[in-house]
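Worksheet for the structure shown next.
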Amino acid sequence: MDSRCSSIDSRLTGRGMGSISSTPLSARVESYKAAEKKCISDVRRTFCLFVTFDLLFITLLWIIELNVSGGVQAQLEKEVLHYNYHSSFFDIFLLAVFRFAALILAYAICKLRHWWAVAITTAVSCAFLIFKVIISKLLLQGAFGYLLPIVSFVLAWIETWLLDFKVLPKETEDENRYQSFVDAAGRAPHMGPGPLSDGQFYSPPESVADSDEDLEDKHDPEKGLIQKVS
């Protein structure tokens with residue numbers, strides 16, 4: 001909503017009202033509505049890509065931490081099977097999974113046009129991370145004890161900023177532009193040009209002064225001269 005969405009919006013803004021004669025405005029509005037039902041906007045797709053990046057980046061950092069701490073398999077058993085809130089990073093990974101699932105469901109599948117979903121995920125992430133840093137012993141486990149909570153905190157707030165200042169305002173602007181074309185289509189005349197009036201066809205009246213003989217004289221100057229001499 002993928003190249004079809006951007007192409008529709010460019011056609012509506014680029015051609016302007018001057019293309020009404022070539023393509024009916026109502027037909028373009030209907031095609032815009034049909035395409036909007038099948039795809040998402042470019043800014044919303046960018047937001048969903050960043051949410052996916054959030055999950056993949058946290059996962060990568062967690063795997064690196066497992067490998068550095070003594071092997072992936074051994075650390076997985078320690079942090080997952082023998083989970084300890086004070087020393088495990090597994091819950092930070094689950095927090096990233098929670099943000100990904102909630103935001104993709106809300107803004108990619110359900111196509112929500114409100115900020116409440118990202119506000120909930122950011123609030124839950126911030127509260128959990130602050131509480132974990134204060135209560136747990138992550139800061140005693142080296143660089144990853146600082147890196148994973150900070151990165152997760154920053155990514156959650158970037159997602160909020162993207163949605164609130166980029167996605168929703170841009171989509172509102174596109175919706176207002178689309179509504180202006182809908183209003184223009186409603187005001188446009190639906191009737192074609194009327195029949196031509198009789199005044200548009202003009203034939204000069206017949207000349208009474210010039211008879212058939214005078215016309216022949218004009219075409220035959222010698223005959224007219226003989227008549228004048230006689």
Of 164-175, 145-156, 89-100, ordering from highest average Cβ density within 10 Å down gives 89-100, 145-156, 164-175
Note on region 82-138: alpha-carbon gyration tensor, axes a ≥ b ≥ c; rule is a/c under 1.5 for rounded, else prolate if a/b larger than b/c, else oblate; result oblate
With the 8 Å Cα cutoff and a minimum separation of six or more residues, region 65-191 has a relative contact order in percent of 24
Pseudo-spin-label distance Leu112 to Leu76, built 7 Å along Cα→Cβ, given in nm, is 3.2
Here the relative contact order (percent) of region 49-101, from C-alpha pairs under 8 Å and at least 6 apart, is 46
Applied in sequence order to region 173-180, the curve 6.51 cos²θ - 1.76 cosθ + 1.60 (Karplus, θ = phi - 60°) yields integer Hz couplings, x standing for Gly and Pro, of 5, 5, 5, 5, 5, 4, 5, 5
PRE zone check, label point 7 Å out along Cα-to-Cβ of Ile104, amide N under 16 Å, scope region 59-94, hits 59-60, 93-94
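Bear in mind these aren't lab numbers, they're just calculated from the coordinates by the rules spelled out. Every value quoted in this text rests on a predicted model; they were computed, and no experiment measured them. FYI the Cβ positions are ideal-geometry reconstructions off the backbone, even for glycines, and counts take in every protein chain you see.
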